[in-house]
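Down below is the structure, laid out as structure tokens.
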Amino acid sequence: MTTIVVIDDTQSILQLVSLYLKAAGYQVLTAADGAQGLRVVQENHPDLIITDVMMPGMDGYELTRRLRRDPLTTRTPILTLTAHSQLESKIKAFEAGADDFMTKPFDAGELVARVNVLLRRAAVVSPGVESAAEGREAAPVQRGQVMAVHSLRGGVGCSSLAVNLALGLAGLWDERVLLADFVTTTGQLALMLNLPLKRTWADIMHIPVAELALDELEAILAPHASGVRVLMAPTDPTQSANMTGERAGKMLELLRAQYGYVIADVTHDFNDIALQVLDAADRILLTLAPDLASIRAAAATLETYAQLGYPKEKITVGLNWTFGQQGFARQEIEEALAMPLSFVMPYAPLVFVSAINRGMPPVFEKPEEPVAAYLEDLAFLLSRPEARAAPPTNPKPGWRRVQKRIALAARK
Ligand SMILES: Nc1ncnc2c1ncn2[C@@H]1O[C@H](COP(=O)(O)OP(=O)(O)O)[C@@H](O)[C@H]1O
Ligand SMILES: [Mg+2]
């Protein structure tokens, strides 16, 4: 079990942090000051350390420096927790050797997300894990293109994009397309496609991860009229309680060998399942709306992707106008993110409301609608370059529509 040591002289903080971390499945040990903290760490070899800065006796900076000098804890991730939000204390914490920094008061979800990311990073750089990954890559499995739609802030259109992209891709190419719902609480994709929630990945939770096989997975997929197959998530949180990143990763690995494209919808955080899917993805579509909270969340997400070591080419950032007025301009957003936006989805409230109410995504039902055309073009742009380069043997209606629009745009 993953163990975390939390060091803070404020009892209420210790209790709160322990509560959050235990709820996330971690074993937690606490210490009330730096000296005690060092002892607890030396005796228990934790996987991660969280420390306060202002403590009587040895402060958090000194504690961090000592932990870094000890060969046993040179590489253990350290998250510093402090009341100061000034840049100066942040820099001091990093100089002392901390890996990350959070200001009190903090959000429980963010704390757990940062802990997950730090642990993941530590696992990636540890030699044992690296050689295991190399071993996997040597196996000659056919790899479908996996695209994950993600954002730290909800309501920005991730699920809408995932559904319409999957349907768009199926309408363009003679390829098997899978839409996978890895959001553990809503079963939203089923609703958006008006599919009965008969079978979900909760139905195969009893099978040990190592024994999961393709047949069992294929048996729970729902066929949609577009040709897309859908891996649905349960709506009841108790049914998804035992879902793990490892299990999600295994499901993706098995499925991507059978599908040309896999579009995955993930939760609006960095939980273990989301992390596993994001790691496995060839491309991440980071989605945001033009409001301040969403832009901030996107900036934090990009920072985390960088910490996770994701190459820039893996990330595609897109703006979705989920509201009609007073949003920030494209250029302002690009400057704030220091990233170009690869797409800008127009605001189309009527189309989306009616689509959700009837479970008929615009790309499938009304391909001539401007926003559906936009999504279809986007699906084309996100397709494999080899596929885009040459006309298919039997062009589908979707492909013909896209070509027509490309020709039209060229003439303008
Ligand atoms: N371009 C858009 N114009 C208008 N409404 C949109 C647009 N994109 C998404 N929406 C609406 O915004 C809401 C949130 O979308 P959803 O896809 O569920 O977001 P998320 O998965 O990020 O939470 C939905 O009601 C959806 O219909
Ligand atoms: Mg969603």
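Only one of Asp174, Asp203 is touching a Pro at 6+ places or on another chain (Cβ under 9 Å), of a type in the set (Asp, Glu), in a helix (DSSP H, G or I) and surrounded by fewer than 17 Cβ atoms within 10 Å (Cβ to Cβ); which? Before you say what the answer is, go through the steps one by one.
On the way: Asp174 fails: in a helix (DSSP H, G or I).
So the residue among Asp174, Asp203 that is touching a Pro at 6+ places or on another chain (Cβ under 9 Å), of a type in the set (Asp, Glu), in a helix (DSSP H, G or I) and surrounded by fewer than 17 Cβ atoms within 10 Å (Cβ to Cβ) is Asp203.
A quick yes/no check of all residues on (1) at pLDDT below 90; (2) under 19 Å from Thr304 (Cβ atoms); (3) not assigned by TED's automatic domain parsing to the domain that holds Leu118:
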residue: Val53; (1), (2), (3): no, no, no
residue: Leu63; (1), (2), (3): no, no, no
residue: Thr73; (1), (2), (3): no, no, no
residue: Ile78; (1), (2), (3): no, yes, no
residue: Ala83; (1), (2), (3): yes, no, no
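Please go through (1) within 11 Å of ligand 1 (Cβ to nearest atom); (2) among the hydroxyl-bearing types (Ser, Thr, Tyr); (3) assigned to a helix (DSSP H, G or I) for Thr304 and return the number of the only condition it doesn't satisfy.
(1)
Taking Leu167 as the residue in question, decide whether it is modelled with pLDDT under 95 and in contact with a helix residue (DSSP H, G or I) (Cβ under 9 Å, 6 or more places away or on another chain).
Working: modelled with pLDDT under 95: no; in contact with a helix residue (DSSP H, G or I) (Cβ under 9 Å, 6 or more places away or on another chain): yes.
The answer is no for Leu167.
Do we have Lys396 as touching a residue at least 60 places away in the same chain (Cβ under 8 Å), more than 24 Å from Thr287 (Cα to Cα) and among the charged types (D, E, K, R) here?
Yes: the conditions hold for Lys396.
Filter region 115-158 for residues that are more than 16 Å from ligand 2 (Cβ to nearest atom) and assigned to a loop (DSSP other than H, G, I, E, B); which is modelled with the highest pLDDT?
Quick first cut of region 115-158, residues more than 16 Å from ligand 2 (Cβ to nearest atom) only: 115-146.
Next, from what is left, pick out any that are assigned to a loop (DSSP other than H, G, I, E, B): 126, 139-144.
Details: Ser126: 57, Ala139: 48, Pro140: 50, Val141: 60, Gln142: 56, Arg143: 80, Gly144: 91.
Looking at residues that are more than 16 Å from ligand 2 (Cβ to nearest atom) and assigned to a loop (DSSP other than H, G, I, E, B), I get Gly144.
So is Val163 within 18 Å of the chain's Cα centre (by Cα), among the hydrophobic types (A, V, I, L, M, F, W, C) and assigned to a loop (DSSP other than H, G, I, E, B) or not? I'd like the intermediate steps shown before the answer.
Details: within 18 Å of the chain's Cα centre (by Cα): yes; among the hydrophobic types (A, V, I, L, M, F, W, C): yes; assigned to a loop (DSSP other than H, G, I, E, B): no.
No, not satisfied.
Given the options Val149, Val228, Val209, name the one that is touching a residue at least 24 places away in the same chain (Cβ under 8 Å), in contact with a helix residue (DSSP H, G or I) (Cβ under 6 Å, 6 or more places away or on another chain) and within 14 Å of ligand 1 (Cβ to nearest atom).
Numbers: Val228 fails: within 14 Å of ligand 1 (Cβ to nearest atom); Val209 fails: within 14 Å of ligand 1 (Cβ to nearest atom).
The match here is Val149.
Hey, among the residues in region 58-111 that are outside any helix (DSSP H, G or I) and of a type in the set (S, T, N, Q), which one's surrounded by the most Cβ atoms within 10 Å (Cβ to Cβ)? Show your work before the answer.
Looking only at region 58-111, we keep the residues that are outside any helix (DSSP H, G or I), and these are 58-59, 70, 74-86, 97-107.
Then drop every residue that is not of a type in the set (S, T, N, Q), which leaves 74, 76, 80, 82, 85-86, 103.
On the way: Thr74: 10, Thr76: 19, Thr80: 27, Thr82: 23, Ser85: 11, Gln86: 10, Thr103: 14.
Among them, the one singled out is Thr80.
Just wondering, is there one or more residues in region 309-330 that are of a type in the set (Gly, Ala, Ser), touching a strand residue (DSSP E or B) at 6+ places or on another chain (Cβ under 9 Å) and part of a loop (DSSP other than H, G, I, E, B)?
For region 309-330, residues of a type in the set (Gly, Ala, Ser), touching a strand residue (DSSP E or B) at 6+ places or on another chain (Cβ under 9 Å) and part of a loop (DSSP other than H, G, I, E, B): present.
The values are calculated or read from the model by the stated rules, or taken from the named source; none is laboratory data. Since this is a predicted model, take the numbers as computed values, not measurements. Note that we place each Cβ from the backbone using ideal geometry, even for glycine, and neighbour counts take in every protein chain shown.
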